[in-house]
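Peer 1: What follows is a single structure, and I will ask about it in a moment.
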Amino acid sequence: MNMNVPKLRFKGFSDDWIKKKIGEITLKVGSGSTPRGGEKVYQSNGIPFIRSQNVNNNFLNLKDLTFIPDAIHKQMQGSTVKANDILLNITGASIGRSCVVPDNFKEGNVNQHVCIIRLKSGFLSRFIQPFLSSTRGQKLVLSHQVGSGREGLNFQAVRSFSIDIPSFPEQTKIANFLTAIDEKITQLTQKNDLLKQYKKGVMQQIFSQKLRFKDDDGREFPEWETKQLGSLVKVYDGTHMTPKYQNQGIPFYSVEHVTNNNFKETRFISREVFEKENKRVKLEKGDILMTRIGDIGTPKYINWEVEASFYVSLALLKQSKKINSLYLSHYIGSDSFQGELHKRTIHVAFPKKINLGEISHCLVSYPCITEQIKIANFLTAIDDKITQTQAQLEAVKHYKNSLLQQMFV
């Protein structure tokens, strides 16, 4: 088998790929600097000034973009960014992230944390950049880091990156295919963001009572009530002792399981420890877990048959006949309840936290049970669409990553 061709290849191509160094195929490898005066010279309009946070995984994020005056841009002509340049983060925690500057980008500049890679004719940025984001490319980034913290790349290291490159027609075929996948990822990302924005807006309308539901006969529901959470549900915390973990056993939940909404990958405790804790407080289907230490106020409605224990960093809101748990889990995410939590949080603590008693004192506004159920079902339906879109997005990303592993030598 020829080692200089990839595992996965388009039909009609059989030529060997040629090994080249980045320095051999580029017109420019370099970065900019922070303008004199630093953030004081940043503006709300002018020449786009790209920083490492704008270089996301495979796309240029223009949402958090700042700008510099044209006069400063002209002083920094050596680091002008043009359409189809490759941008590569070369310092810090985001080292190795890269993107291609869009075709419709007119002109911009970069700071010292972002490297500009401008290719010679005959080489496509939308072929080279996917290589940089592939497993092979990221290994090059990792192996060429310099400095005491090993979180930096210099231009010499970037120029030394070795890459196997096919003919220009094959580059074009691969680039067009991967660009189509990136467009699908962008579409799904935008759809997901819009659904989240829609839900946020609807929640504001519902929980401020500007938007009200009606009963099945079209009649108005009764007025809402407001009470302390502790008068509606019982509030508990998890075990205060860090348990001895096992390779298998009973799942043990903590803050990251709620914030990541992932309860499949957990640590495990023994049944003996679980049974002892279960006598004090039992987690059941229909309950709510809510973060209260470090991250505060992220809820998770338990909609599955559960057998698990949880850490002190989580609060348990037991299901009650006085309020619908699914409604309450949505209400916890409202601006009103988040404000209640914020003013009762101990912000000087590290990590910040809120005590159980203070959670119980938070005010909750709620309608009659029938309207609660209508609200809960409506918001849950939006959540289901967000979950579905997120799953589609992750599937396309996984598909692309698997292709990258096979399409680059």
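Peer 1: Which pairs turn up if I take residues in the range 51-72 that are over 22 Å from Arg97 (Cβ atoms) and look for partners that are in a strand (DSSP E or B) and among the hydroxyl-bearing types (Ser, Thr, Tyr) with beta carbon separation below 9 Å, at least 6 apart in sequence or on another chain?
Peer 2: Qualifying pairs under 9 Å: none.
Peer 1: Could you grab me the full set of residues in the range 180-220 that are surrounded by 15 or more Cβ atoms within 10 Å (Cβ to Cβ) and either under 30 Å from Phe123 (Cα atoms) or not assigned by TED's automatic domain parsing to the domain that holds Leu404 (or both)?
Peer 2: Matches in the range 180-220: Ile181, Asp182, Lys184, Ile185, Leu188, Thr189.
Peer 1: Need the failing condition index for Ile116 against (1) surrounded by fewer than 16 Cβ atoms within 10 Å (Cβ to Cβ); (2) not in a loop (DSSP other than H, G, I, E, B), just the number.
Peer 2: Answer for Ile116: the failing condition is (1).
Peer 1: Can you confirm whether Ala83 is more than 21 Å from Ala157 (Cβ to Cβ) and touching a Lys or Arg at 6+ places or on another chain (Cβ under 8 Å)?
Peer 2: yes
Peer 1: Regarding Val409, is this residue hydrophobic (A, V, I, L, M, F, W, C) and modelled with pLDDT of 95 or more? Walk me through it before giving the result.
Peer 2: On the way: hydrophobic (A, V, I, L, M, F, W, C): yes; modelled with pLDDT of 95 or more: no.
Considered against the rule, which asks whether it is hydrophobic (A, V, I, L, M, F, W, C) and modelled with pLDDT of 95 or more, Val409 comes out as no.
Peer 1: Here's a follow-up. Considering each of Arg292, Arg344 in turn, give the residue that is touching a Cys at 6+ places or on another chain (Cβ under 9 Å) and under 29 Å from Lys200 (Cα atoms).
Peer 2: Just one listed residue meets the conditions, Arg344.
Peer 1: While we're here: What residue, among those in the range 77-93 that are touching a residue at least 24 places away in the same chain (Cβ under 8 Å) and surrounded by fewer than 18 Cβ atoms within 10 Å (Cβ to Cβ), is nearest to Leu119 (Cα to Cα)?
Peer 2: Just the residues of the range 77-93 that are touching a residue at least 24 places away in the same chain (Cβ under 8 Å), to begin with: 78-82, 84-93.
Those left that are additionally surrounded by fewer than 18 Cβ atoms within 10 Å (Cβ to Cβ): 78, 82, 84, 92-93.
On the way: Gly78: 16, Lys82: 11, Asn84: 9, Gly92: 25, Ala93: 26 Å.
So the residue we want is Asn84.
Peer 1: Here's another thing I want to ask about it. Here are some conditions: (1) closer than 28 Å to Ala395 by Cα; (2) not in a helix (DSSP H, G or I). Gln145 meets all but one. Which one does it not meet?
Peer 2: (1)
Peer 1: While we're here: Kindly evaluate Gln372 against the criterion of being closer than 30 Å to Asp182 by Cα, in contact (Cβ under 8 Å) with a residue 24 or more places away in the chain and not assigned by TED's automatic domain parsing to the domain that holds Pro299. Let's see the steps before the verdict.
Peer 2: Details: closer than 30 Å to Asp182 by Cα: no; in contact (Cβ under 8 Å) with a residue 24 or more places away in the chain: yes; not assigned by TED's automatic domain parsing to the domain that holds Pro299: yes.
No.
Peer 1: A follow-up question, please. Does the range 80-95 include one or more residues that are modelled with pLDDT of 95 or more, out of contact with any Cys (no Cβ under 8 Å at 6 or more places or on another chain) and over 30 Å from Gln187 (Cα atoms)?
Peer 2: Looking for residues that are modelled with pLDDT of 95 or more, out of contact with any Cys (no Cβ under 8 Å at 6 or more places or on another chain) and over 30 Å from Gln187 (Cα atoms), one finds none in the range 80-95, hence no.
Peer 1: Answer yes or no as to whether Lys300 is basic (Lys, Arg), at pLDDT below 95 and either part of a strand (DSSP E or B) or under 24 Å from the mean Cα position of the chain (by Cα) (or both).
Peer 2: Considered against the rule, which asks whether it is basic (Lys, Arg), at pLDDT below 95 and either part of a strand (DSSP E or B) or under 24 Å from the mean Cα position of the chain (by Cα) (or both), Lys300 comes out as no.
Peer 1: Please go through the range 95-113 and give me each residue that is assigned to a loop (DSSP other than H, G, I, E, B), at negative phi and crowded, with 17+ Cβ neighbours inside 10 Å, ordered by number.
Peer 2: Ile95, Arg97, Val101, Phe105, Asn111, His113
Peer 1: Same structure, new question: Give just the number: which of (1) at pLDDT below 95; (2) polar (S, T, N, Q); (3) not in a helix (DSSP H, G or I) does Gln138 not satisfy?
Peer 2: Result: Gln138 fails condition (3) only.
Peer 1: Further question: Do you know which of the residues in the range 366-409 that are among the hydroxyl-bearing types (Ser, Thr, Tyr) and in contact with a helix residue (DSSP H, G or I) (Cβ under 8 Å, 6 or more places away or on another chain) is nearest to Ser167 (Cα to Cα)? Please lay out each step first, then the result.
Peer 2: First, the residues of the range 366-409 that are among the hydroxyl-bearing types (Ser, Thr, Tyr): 366, 370, 380, 387, 389, 399, 402.
The next check asks that each one be in contact with a helix residue (DSSP H, G or I) (Cβ under 8 Å, 6 or more places away or on another chain); those that pass are 366, 380, 389, 399.
Values: Tyr366: 65, Thr380: 51, Thr389: 37, Tyr399: 24 Å.
Among those that are among the hydroxyl-bearing types (Ser, Thr, Tyr) and in contact with a helix residue (DSSP H, G or I) (Cβ under 8 Å, 6 or more places away or on another chain), it is Tyr399.
Residues checked against (1) surrounded by 17 or more Cβ atoms within 10 Å (Cβ to Cβ); (2) of a type in the set (S, T, N, Q); (3) over 26 Å from the mean Cα position of the chain (by Cα):
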site: Arg344; (1), (2), (3): no, no, yes
site: Ile359; (1), (2), (3): yes, no, yes
site: Gln372; (1), (2), (3): yes, yes, yes
site: Lys385; (1), (2), (3): no, no, no
site: Ser402; (1), (2), (3): no, yes, no
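Peer 1: So which pairs qualify, if the first residue must be in the range 6-31 and free of Cβ contacts under 8 Å to residues at least 60 places away in the same chain, the second must be surrounded by fewer than 16 Cβ atoms within 10 Å (Cβ to Cβ) and of a type in the set (S, T, N, Q), the Cβ gap must be under 9 Å, and the two must be at least 6 apart or on different chains?
Peer 2: Asp16/Asn2; Asp16/Asn4
Peer 1: Does Ala381 satisfy the criteria of being more than 30 Å from Phe177 (Cα to Cα), assigned by TED's automatic domain parsing to the domain that holds Thr179 and without any contact (Cβ under 8 Å) to a residue 40 or more places away in the chain?
Peer 2: yes
Peer 1: Show the residue pairs meeting these rules: Cβ distance below 8 Å; 6+ apart or different chains; first residue within the range 235-259 and free of Cβ contacts under 8 Å to residues at least 24 places away in the same chain; second residue hydrophobic (A, V, I, L, M, F, W, C) and part of a strand (DSSP E or B).
Peer 2: Once the first residue is free of Cβ contacts under 8 Å to residues at least 24 places away in the same chain and sits in the range 235-259, its partners that are hydrophobic (A, V, I, L, M, F, W, C) and part of a strand (DSSP E or B) give Asn247/Phe268; Gln248/Phe268.
Peer 1: Among the listed residues Ala349, Ala391, which satisfies the condition of being assigned to a loop (DSSP other than H, G, I, E, B) and without any contact (Cβ under 8 Å) to a residue 24 or more places away in the chain?
Peer 2: Ala349
Peer 1: Still on this structure: Scan the range 96-117 and tell me whether some residue there is out of contact with any Pro (no Cβ under 7 Å at 6 or more places or on another chain), over 23 Å from Phe155 (Cβ atoms) and in contact (Cβ under 8 Å) with a residue 40 or more places away in the chain.
Peer 2: Narrowing the range 96-117 to residues out of contact with any Pro (no Cβ under 7 Å at 6 or more places or on another chain): 96-107, 109-117.
Then drop every residue that is not over 23 Å from Phe155 (Cβ atoms), which leaves 102-104, 106.
If we keep only those that are in contact (Cβ under 8 Å) with a residue 40 or more places away in the chain as well, we get 102.
Looking for residues that are out of contact with any Pro (no Cβ under 7 Å at 6 or more places or on another chain), over 23 Å from Phe155 (Cβ atoms) and in contact (Cβ under 8 Å) with a residue 40 or more places away in the chain, one finds at least one in the range 96-117, hence yes.
Peer 1: Scan the range 316-326 and give yes if some residue there is in contact (Cβ under 8 Å) with a residue 24 or more places away in the chain, basic (Lys, Arg), in a loop (DSSP other than H, G, I, E, B) and surrounded by 16 or more Cβ atoms within 10 Å (Cβ to Cβ), otherwise no.
Peer 2: yes
The values are calculated or read from the model by the stated rules, or taken from the named source; none is laboratory data. Keep in mind that this is a model prediction, so the values were computed, not measured. Because the Cβ atoms are built from the backbone with ideal geometry, glycine has one as well, and the counts that use them run over all protein chains shown.
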